[in-house]
1. Can you tell me which residue in the range 373-393 is surrounded by the most Cβ atoms within 10 Å (Cβ to Cβ), limited to those that are among the acidic types (Asp, Glu) and not in a loop (DSSP other than H, G, I, E, B)?
2. If a residue has to be among the polar types (S, T, N, Q) and surrounded by fewer than 22 Cβ atoms within 10 Å (Cβ to Cβ) to count, how many in the range 185-195 make the cut?
3. Condition test on LEU341, is it modelled with pLDDT under 90, in contact with a helix residue (DSSP H, G or I) (Cβ under 7 Å, 6 or more places away or on another chain), of a type outside the set (Phe, Trp, Tyr) and not in a helix (DSSP H, G or I)?
4. Those residues that are exposed (fewer than 14 other Cβ atoms within 10 Å of the Cβ) and among the acidic types (Asp, Glu), I need them from the range 110-139; list them, please.
5. Does any residue in the range 302-331 that is in contact (Cβ under 8 Å) with a residue 40 or more places away in the chain come within less than 6 Å, Cβ to Cβ, of a residue that is surrounded by fewer than 24 Cβ atoms within 10 Å (Cβ to Cβ) and among the aliphatic types (A, V, I, L, M) six or more places away or on a different chain, and which pairs are these?
6. Here's a check for you: in the range 156-174, which residue that is of a type in the set (S, T, N, Q) and assigned to a strand (DSSP E or B) is farthest from the chain's Cα centre (by Cα)?
7. Restricting attention to the range 166-176, which residues are surrounded by fewer than 22 Cβ atoms within 10 Å (Cβ to Cβ) and either at pLDDT 95 or above or touching a strand residue (DSSP E or B) at 6+ places or on another chain (Cβ under 9 Å) (or both)?
8. For the range 388-399, check the following and say yes or no: at least one residue is touching a strand residue (DSSP E or B) at 6+ places or on another chain (Cβ under 6 Å) and modelled with pLDDT of 95 or more.
Amino acid sequence: MEKAAHQPRTVWYDETGTLDTQSTLRKIMEITRCLRELKSLDAILDKILLEARRLVRADAGSFFLVEGDTLVFSNVHNDSLFSEKDVARNVYRNAKIPINEHSLAGYAALRNSPVIVDDAYCLEADQALQFDRSFDQRAGYRTRAVASFPIVSSRGRVLAVLQIINPMAVTGQPTVFDERAVASLALLSDQAAAAVEIGAVTEDYILRMASLAQLRDPNETGSHVKRVGAYAAEIYHVLAMPLGLSDHERKRRKSMMRVAAMLHDVGKVAISDTILKKPGCLTKDEFEIMKTHTVLGARLFHNPTSEVDAWTREVVLHHHQRYDGQGYPGCSSDLEAGGSLARAPLTGENIPLPARITAVADVYDALLSHRIYKPPIEESSVVEMLREQRGRHFDPGVLDAFFSIHDIILTIRQRYPDEN
């Protein structure tokens, strides 16, 4: 079994295998600082889960996000069952559990209180709190000690539940969560809550922007935005692997890719309804107006105040460029200041990489989706259409990365279905 690249380290333990309090406090401060550099909620949750597992040498863990009266499965790690390469396949699997007293995570969310058990299989049969063994039975896993911590907002609302499973002793044998381990995880959960809240607010902001665009363009749905962002992030992850980046830097850039791709069509809010909602083909003049959504959207990020703003500007402005130079809007630096669109478009690798990635993600999802001017196209036909555009519309390397994770792409599509 290949070991995960995120296998927990033991650097925060003393020579006896006991949690070193001072080192742990310093590490939690470092983790908090690193979390501020991540932009997408998914990247923030993944980082917290990874570091929480490292604190107690846990074999597995997961994150659940609160949505109404349910917990939605969000992130998962399990060193015994899958490697880091398989994490993404599990991250996008859709599963929900109710917030009630019948599950460990549900109880933690309901009571806004940590739940710690030494052996999930030894809960009293006559009490409400139980552990669902069905996952263990399907996967051939044995869950023992479990610690569930609510992640609480500044207003006291439970945002998520962090669940850590099967801590290991220094000898590698299963153990339980002692008082120091629980205190360390509780402190991390408390300190990380601000980052989770910021990530949730950022994602909500992006979805609100998408909802605003949807008022003008019915194609620009929240599900479409989530899918394009997730596709683009996973494609970037593949392309970044050979670059020799640190794990944190790769995930930081991946989180920016997700946010930037989600905002790719924000400029459509400035396009007339008569064009966006036209059921037939656009006239030449109408298409020229439609092209301006790239420039109008990019103007929102004309003076970027952060790196993610700069990435977003590149995506918004250039996601309709084509690898062969037949796209739009052009290459002049004065476009956002009102310059003409009649400029030679960018070609090849002169197109910013985030825009080349978003082009594949956006076109793939648009072809599969219902549009006011067309019915959805079958997956097999869409795949063939993408292959035909290799080196023409799309960067060959980006397209190769896309197809290398096609199973993950399909799982993402299932995770974020179109609203009824």
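1. Let us first name the residues in the range 373-393 that are among the acidic types (Asp, Glu), namely 378-379, 384, 388.
Applying the additional criterion that residues be not in a loop (DSSP other than H, G, I, E, B) yields 379, 384, 388.
Values: GLU379: 15, GLU384: 12, GLU388: 11.
Among those residues, the one meeting the criterion is GLU379.
2. Let us first name the residues in the range 185-195 that are among the polar types (S, T, N, Q), namely 189, 191.
Going one step further and asking which of them are surrounded by fewer than 22 Cβ atoms within 10 Å (Cβ to Cβ), we end up with 191.
Here the count works out to 1.
3. Numbers: modelled with pLDDT under 90: yes; in contact with a helix residue (DSSP H, G or I) (Cβ under 7 Å, 6 or more places away or on another chain): yes; of a type outside the set (Phe, Trp, Tyr): yes; not in a helix (DSSP H, G or I): yes.
So LEU341 fits the description; yes.
4. ASP118, GLU124, ASP126, ASP132
5. VAL316/ALA298
6. Taking the range 156-174 and keeping what is of a type in the set (S, T, N, Q), we get 163, 166, 171, 173.
Adding the requirement that they be assigned to a strand (DSSP E or B) leaves 163, 166.
Working: GLN163: 19, ASN166: 25 Å.
Step by step, filter the range 156-174, then rank; the result is ASN166.
7. Kept after step one, since they are surrounded by fewer than 22 Cβ atoms within 10 Å (Cβ to Cβ), are these residues of the range 166-176: 168-176.
If the condition is that a residue be surrounded by fewer than 22 Cβ atoms within 10 Å (Cβ to Cβ) and either at pLDDT 95 or above or touching a strand residue (DSSP E or B) at 6+ places or on another chain (Cβ under 9 Å) (or both), then MET168, VAL170, PRO174, THR175, VAL176 are the ones that fit.
8. Looking only at the range 388-399, we keep the residues that are touching a strand residue (DSSP E or B) at 6+ places or on another chain (Cβ under 6 Å), and these are 396, 399.
Next, from what is left, pick out any that are modelled with pLDDT of 95 or more: 396, 399.
Yes - at least one qualifying residue is present in the range 388-399.
The values are calculated or read from the model by the stated rules, or taken from the named source; none is laboratory data. Keep in mind the model is a prediction, meaning the values are calculated, not measured. Cβ coordinates were reconstructed from backbone atoms using ideal geometry, including for glycine residues, and neighbour counts include every protein chain displayed.
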